[in-house]
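Asks: My structure is below; once you've seen it, I'll send some questions.
Please treat every number below as a calculation from the coordinates, not as lab data. Small disclaimer: the values here were computed from a predicted structure and weren't measured. Cβ sites come from the backbone with ideal geometry, for glycine too, and all protein chains shown count toward neighbours.
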Amino acid sequence: MSLIRVGISSCLLGEPVRYDGRHKHDPFIITELGHFFELVGVCPEYESGMPVPRDPMQLVPSGNTPRLVVIRSGQDMTGQMHAFCKCRLAALAAENLCGFVLKSNSPSCGLSVGVYPGTGGTPASEGRGLFAAALAARFPEMPVVEERWLHEPAQCSLFIERVFRYCRHMQ
């Protein structure tokens with residue numbers, strides 16, 4: 001019997017793909033979820049062709065949808081990320097994922113990320129990372145969480161239960 005497949009931000013698996021060339025390996029999540037699921041790593045920034053390391057980025061306001069901008073240079077990476085999301089989410093549809101664990105505070109993966117009116121400073125509002133928003137739009141019923149939520153036993157159990165329910169519904 002094959003395991004249920006769940007997507008996860010690659011940095012949480014220990015892959016050094018973050019902007020600073022590091023990872024955010026989370027052995028607790030990998031161990032807990034690894035009992036039940038096959039974890040499928042995705043890094044939107046790296047897989048879209050951005051280098052490692054790379055300059056930090058942030059979300060900036062732009063109408064209804066924030067833009068992804070390199071802080072130091074002001075380079076707009078929104079188009080590159082949107083193109084990646086369209087292709088990668090189509091490929092992920094064929095992978096039959098039944099849930100996704102995203103890296104919090106990421107301008108591509110965070111479910112609740114600061115949107116900054118200028119360079120750095122204090123966020124003016126909250127928004128979704130561009131990949132997280134595209135994932136939720138493409139798979140609106142799929143259970144999606146940020147990794148920080150899974151460190152609470154009740155939230156972790158709830159996510160696992162929701163993934164199993166979603167998987168049964170998809171069959």
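Asks: For every other residue with a beta carbon closer than 15 angstrom to the beta carbon of Glu38, add +1 if it is Lys or Arg and -1 if Asp or Glu, then tell me the sum.
Replies: Every neighbour counted, the sum reads -1.
Asks: On a 0 to 90° scale, report how tilted helix 153-170 is relative to the longest principal axis of the chain, with both axes built from alpha carbons and the result rounded to the nearest 10.
Replies: Computed tilt is about 70 degrees.
Asks: Would you mind checking segment 90-119 for residues with the amide N under 20 Å from a putative spin-label position 7 Å along Cα→C-beta of Ala136?
Replies: Answer for this model: 90, 92-93, 97-117.
Asks: Another question, if that's okay. Please report, to two decimal places, log10 I(q)/I(0) for the chain at q = 0.12, 0.17 Å⁻¹ as given by the Debye formula with identical point scatterers on the Cα atoms and no solvent.
Replies: -0.53, -1.04
Asks: Go through the cysteines of the chain and tell me which have no other cysteine Cβ under 4.7 Å away.
Replies: Isolated Cys, the chain: Cys11, Cys43, Cys85, Cys87, Cys109, Cys156.
Asks: Right, next: For the pair Ser2/Ile30, report the inter-label distance in nm, with labels modelled 7 Å from Cα in the Cβ direction.
Replies: 2.3
Asks: Okay, moving on. For the chain, what is the mean residue ellipticity at 222 nm derived from helices alone (per DSSP H run of n ≥ 4: -39500 (n - 2.57); sum divided by total residues; nearest 500 deg cm²/dmol)?
Replies: Here the helix-only value at 222 nm equals -9500 deg cm²/dmol.
Asks: How far is it, in nm, from the label point at Asp20 to the one at Arg72 when both lie 7 Å from their Cα along the line to the Cβ?
Replies: Reported label-point gap for Asp20 and Arg72 is 1.5 nm.
Asks: When His35, His151 are ordered from fewest to most other Cβ atoms inside 10 Å of their Cβ, what list results?
Replies: His35, His151
Asks: Another question, then. Could you give the semi-axes, largest first, of the ellipsoid that matches segment 132-171, computed as the square roots of 5 times the alpha carbon gyration tensor eigenvalues and rounded to whole Å?
Replies: Calculated on Cα positions only, the semi-axes equal 19, 15, 4 Å.
Asks: Still on this structure, please answer the following. Where does segment 1-86 land on Rg/Rh, using Cα atoms and the Kirkwood Rh?
Replies: Across segment 1-86, the Cα-based Rg/Rh ratio is 1.06.
Asks: Over segment 101-171, how many percent of alpha carbon pairs lie in each 10 Å bin up to the one with the longest distance?
Replies: All Cα pairs, binned at 10 Å, distribute as 20, 41, 29, 9, 2 percent.
Asks: Quick one: among Gly14, Gly41, Gly74, which has the greatest mean-square fluctuation in a GNM of the chain with alpha-carbon springs under 10 angstrom?
Replies: Gly74
Asks: Follow-up question, since we're still on this one. Using alpha carbon centroids, what distance separates segment 91-143 and segment 1-56, in Å?
Replies: Here the two parts' Cα centres lie 14 Å apart.
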